[in-house]
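Accompanying notes for the structure given below.
Just so it is clear, none of the values below were taken in a lab; they were calculated from the coordinates. What you are looking at is a predicted structure, and each value in this text was computed from that prediction instead of being measured. Here Cβ is always computed from backbone atoms with ideal geometry, including for glycine, and neighbour counts include all displayed protein chains.
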Amino acid sequence: MKRRPIMAGNWKMHMLVAEAEALVKGLVAGLDGTEDVDVVVAPPFPSLHPVGRLLDGTPIALAAQNMHWEASGAYTGEVSAAMLLDVGCRHVIIGHSERRQYFGETDETVNRKVKAALAAGLDPIVCVGEVLEERKSGRTWEVVGRQTRKGLEGVSAEDAKRLVLAYEPVWAIGTGETATPEQAQEVHGRIRGLIGELFDDGIAQGLRIQYGGSVKPDNVRGLMDQPDVDGALVGGAALKAESFLGIVKF
């Protein structure tokens, strides 16, 4: 099955509103005529509303970088799925390694967020990946398999069709190190096999799995040539229109 590529730019804690608006205007102009790939941008929270207005009617989808699993309540500093939908979000990134590392995300909280996002109508981009010590000790699949199983526990087969998974080897995020295409393919292939076990082969073959970790215009082609790599979750290279467009137009 040929899956439609999906390229997502995670802007992390970068860009003031004016900078975000300028970047997205450059992306919209540069994407003119590009119709064979899905493009997503995930600005920081203060820029979601203004960027969402600029994206209205364009082929670029808006994503948030995080959300809370509750619909509302006394959760200072958090945002709900309804709030994200209200400003035009279609996707939300859940379980990014930086959320796990710095802010206490667990497989259980990831699972709660995934189910809340799906129930509200947001399509999650669910991140999984191992740290360097885990890869060196041969535990990559133990970690990635566990994160995938627990993160998707209780998700229905119908909802699973709306998921995007992102494999992010943590040792390759922001380090300049990139998993080789063969390393990425090995893990992506195993993730797809696990999705087949959790749901069915049809869902597994339709599910898109992104690679994340120092993706750049000069290495994206080798990654995208792999049969189970369906896109990229891009960090630093997504902060400039020229480099992100170079990835989108791989």
(request) Compute the separation of the alpha-carbon centres of the stretch 129-193 and the stretch 226-245 and state it in Å as a whole number. (result) 17
(request) Please find, in a Gaussian network model of the chain (springs between Cα atoms separated by less than 10 Å), the residue of F45, F103, F199 whose mean-square fluctuation is greatest. (result) F103
(message) Taking loop as defined by DSSP and a crowding limit of 12 other beta carbons within 10 Å, which chymotrypsin sites (Phe, Trp or Tyr not before Pro) in the stretch 1-100 fit?
(response) Y75
(request) Restrict the search to the stretch 7-83; then list the GluC sites (Glu not before Pro) that DSSP places in a loop and that have at most 16 other Cβ atoms within 10 Å of their Cβ. (result) E35, E70, E78
(request) Using a 10 angstrom cutoff on alpha carbons, build the Gaussian network for the chain and name the most mobile of A120, A184, A237. (result) A120
(request) For every helix of n ≥ 4 consecutive DSSP H residues, a contribution of -39,500 (n - 2.57) applies; sum these over the chain, divide by its total residues, and give [θ] at 222 nm rounded to the nearest 500 deg cm²/dmol. (result) -12500 deg cm²/dmol
(request) Determine, for the chain, the count of lysine pairs separated by eight or more sequence positions (or lying on different chains) whose alpha-carbon distance falls under 21 Å. (result) 17
(request) At most 10 other Cβ atoms within 10 Å and a DSSP loop assignment: could you name the GluC sites (Glu not before Pro) in the stretch 113-174 that fit? (result) none
